[in-house]
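Colleague: My structure is below; once you've seen it, I'll send some questions.
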């Protein structure tokens, strides 16, 4: 996710904090401060300290939930790009889908099971602690239990949606059929939340609670739609090679820049003229590197005429390249894992094409329009 802060690594998995997390952190803390009684021993400063502590423990619980997903994925040979905490809790960014329905089910179900276990720990602790800690432990037990139940709702992008997909996939042997059913269920559930939130607002007058329900519904519907699009993308590439999906060299004349070209001329004659954000650097058809708009922006505007493409390009030795017979779906998963938008296709030392994310999106739109 963009706009995230790195918090370090846990079990080798990057942990990030999205800026929207601060909103939910304040909301949760304020809710707990209001939830605790105002009488002794719940004086104001103590309620604030307890609210902050409980909110932090809740997000530790969310990390544990997502970490369960990630560790099971890693154990099954599936790369994990990281865990990000954001306004709706957390998300494990798993680089590729499971190859078997049993693996899919295991990765999905372990998160809610972790939340149930954490809820049990806090509930047990509530019987051993004195007030006001007992009340906080009970609240944490309730919220973790609620999180487990919510995540088991059978619709994408929730864990229950992945469980539903794995069941349909296991019974029919058809991955895309399971995906269609799970995402359709997720969209319907999203609409139910939106309608329910709006209805709740008008019946009870609780605008914050109603808007929050509607916002969750909007998020679920949007995420379900995106999940199906991504699954369709992957399915469309299944069985294809890089040669099948690359832009061939005869269409790449304006995507190749000479290394001696100044950044001034690159900006005027290449970037502005074509609208492209990156260009291969080559001599006699041999790939030497790549230069991107991001690289150009690092150089002060008044130095563009004195700096050449070759001075700031990323050299070939540091580039991710592909060969024409390579599996297309495998390349896409590598691009997702490395957050790469364009990959040159090399045969020997010669550039013969380019795989770009924009072109892949275009191909998918065409297949969708043709109902393929």
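Colleague: Counting only C-alpha contacts under 8 Å and six or more residues apart, can you give the relative contact order of segment 4-237 as a whole percent?
Modeller: 14 percent
Colleague: In addition: Normalised by the residues of segment 1-143, what does the relative contact order come to in percent, with Cα pairs under 8 Å and at least six apart?
Modeller: 23 percent
Colleague: Still on this structure, I have one more. Calculate the spin-label point distance for residue 56 paired with residue 235, positioning each point 7 Å from the Cα along the beta-carbon direction, and give it in nanometres.
Modeller: Result for the modelled spin labels: 4.6 nm.
Colleague: Related question: Between residue 283 and residue 366, take the C-beta separation as r, use R0 = 35 Å, and let me know the FRET efficiency to the nearest 0.05.
Modeller: That gives a FRET efficiency of 0.55.
Colleague: Taking only Cα atoms, what is the 0 to 90° angle, nearest 10, from helix 133-151's long axis to the longest principal axis of the chain?
Modeller: 50 degrees
Colleague: I've got another one for you. Would you mind telling me which residue in 131, 342, 334 has the biggest mean-square fluctuation in a Gaussian network model of the chain, where springs connect alpha carbons within a distance under 10 angstrom?
Modeller: 131
Colleague: What shape does segment 204-267 take by its C-alpha gyration tensor, where a ≥ b ≥ c are the square roots of the eigenvalues and a/c under 1.5 counts as rounded, a/b above b/c as prolate, and the rest as oblate?
Modeller: Taking the square roots of the gyration eigenvalues as a ≥ b ≥ c, segment 204-267 is oblate.
Colleague: Using the alpha-carbon centroid of each, what span in Å lies between segment 182-233 and segment 291-364?
Modeller: So the separation of the two Cα centres works out to 38 Å.
Colleague: Taking the alpha-carbon centroid of each part, what is the distance from segment 152-173 to segment 76-109 in angstrom?
Modeller: 14 Å
Colleague: How would you rank 51-62, 12-23, highest first, on the average number of other Cβ atoms within 10 Å across their residues?
Modeller: 51-62, 12-23
Colleague: Pairs of alpha-carbon atoms within less than 8 angstrom and 6+ residues apart define the contacts here; what relative contact order does segment 79-174 have, in percent?
Modeller: Computed over segment 79-174, the figure is 25 percent.
Colleague: For segment 242-369, how big is Rg over Rh, using alpha carbon atoms and the Kirkwood form of Rh?
Modeller: 0.98
Colleague: Quick check: residue separation of residue 350 and residue 208 times 0.36 nm, minus the Cα distance between them. What number comes out in nm?
Modeller: Answer, rounded to one decimal: 45.1 nm.
Colleague: Using only Cα atoms and rounding to the nearest 10 degrees, what angle (0 to 90) does helix 207-237 make with the longest principal axis of the chain?
Modeller: Tilt relative to the chain: about 40 degrees.
Colleague: Along the Cα→Cβ direction, 7 angstrom out, place labels at residue 272 and residue 150. What is the inter-label distance in nm?
Modeller: Inter-label distance under the simple model: 5.0 nm.
Colleague: Then there is this: With each pseudo-label sitting 7 Å past Cα toward Cβ, what's the residue 174-residue 121 distance in nm, one decimal?
Modeller: Here the modelled spin labels are 4.3 nm apart.
Colleague: Hey, another quick one. Any chance you could give the angle, 0 to 90 degrees and rounded to 10, that helix 175-204 forms with the longest Cα principal axis of the chain?
Modeller: The angle comes out near 50 degrees.
Colleague: Shifting gears a bit: Just from its helices, what would the mean residue ellipticity at 222 nm be for the chain, if runs of 4 or more DSSP H residues each count -39500 (n - 2.57) and the sum is divided by every residue, rounded to the nearest 500 deg cm²/dmol?
Modeller: Calculated at 222 nm, the ellipticity per residue is -18500 deg cm²/dmol.
Colleague: Packing-wise, with mean Cβ within 10 Å as the measure, how do 268-281, 194-207 rank, highest first?
Modeller: Descending packing order for the listed peptides: 268-281, 194-207.
Colleague: How far, in nm, would the chain grow between residue 300 and residue 10 when pulled straight, counting 0.36 nm per residue and subtracting the alpha carbon separation?
Modeller: The residue 300-residue 10 span can extend by a further 100.6 nm.
Colleague: Next question. What order do you get for 143-149, 172-178 when each peptide is scored by the mean count of other beta carbon atoms within 10 Å, highest first?
Modeller: 143-149, 172-178
Colleague: Consider a paramagnetic label point 7 Å from the Cα of residue 358 along Cα→Cβ; state which residues of segment 270-303 have an amide N under 12 Å from it.
Modeller: Within reach of a label on residue 358, which here means backbone N under 12 Å from a point 7 Å along Cα→Cβ, segment 270-303 contributes 271-279, 293.
Every read-out reported here was derived from the displayed coordinates using simple, explicitly stated rules and does not represent laboratory data. Note that this is a predicted model, so its numbers are computed, not measured. Quick reminder, even Gly has a Cβ in these numbers, built from the backbone with ideal geometry, and neighbours come from all protein chains shown.
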